[in-house]
1. Counting only the backbone N, which residues of the stretch 4-39 are under 16 Å from the spot 7 Å out from the Cα of residue 45 toward its beta-carbon?
2. Report the Cα centroid-to-centroid distance between the stretch 70-123 and the stretch 10-33 in angstrom, as an integer.
3. When all alpha-carbon pairs of the stretch 1-89 are counted, what percent fall beyond 18 Å?
4. Could you give me the ³J(HN,Hα) list for the stretch 79-89, computed from phi with Karplus coefficients 6.51, -1.76, 1.60 and θ = phi - 60°, whole Hz, x at Gly and Pro?
5. Rounded to the nearest 500 deg cm²/dmol, what is the calculated helix-only ellipticity per residue at 222 nm for the chain, with -39500 (n - 2.57) per DSSP H run of length n ≥ 4?
6. What's the tally of Lys pairs in the chain whose alpha-carbon atoms lie under 21 angstrom apart, where the two lysines are 8 or more places apart or on different chains?
7. Taking R0 as 41 Å, what's the FRET efficiency between residue 25 and residue 119 from their Cβ-Cβ distance, rounded to 0.05?
8. I'd like the Karplus ³J(HN,Hα) series for the stretch 91-97: coefficients 6.51, -1.76, 1.60, θ = phi - 60°, whole numbers in Hz, and an x wherever there's a Gly or Pro.
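Please treat every number below as a calculation from the coordinates, not as lab data. Remember, it's a predicted structure, so these values are computed and weren't measured experimentally. Cβ sites come from the backbone with ideal geometry, for glycine too, and all protein chains shown count toward neighbours.
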Amino acid sequence: MNHARSTKKRTGGRRRPTRKKRKHELGSAPTETQVGEPKLKTVETQGGNAKVRVVKTNVASVATDDGVEGATIEDVVENASNPNYVRRNIITKGAVIETDLGRARVTSRPGQDGQVNAVLLEE
């Protein structure tokens, strides 16, 4: 994946490349967080910083009326970004997960934030 300027114009014409690819334009494949035993991956980012990605997890911080509680993720019920993710048990932001507290909508980006935060849904 590459985040450089496109070689195609809006009109469909060709834009000639002015230079080769640069390190800061590098992209990567999305981290498709699955339900399972917790597994994290650290990725180096620009400026010597690090980003933690969740490869697999079965725990989530669920916000309820009483506060935030730790919950066990049992299943992915709904995922608007891709219906195929439900079958593959992939967690993304906006996905509805089944926890031991009830159904919750994911509010964090597990592949970027390194954790799964969710809000309990009204039944």
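1. Backbone N within reach: 24-31.
2. 30
3. Value for the stretch 1-89: 67 percent of Cα pairs lie more than 18 Å apart.
4. Working through the residues one at a time gives 8, 5, 5, 7, x, 5, 5, 5, 5, 8, 6 Hz.
5. -1000 deg cm²/dmol, from helical runs alone.
6. 14
7. Once rounded, the FRET efficiency stands at 0.70.
8. Computed from phi, the couplings for the stretch 91-97 are 9, 10, 4, x, 6, 9, 10 Hz.
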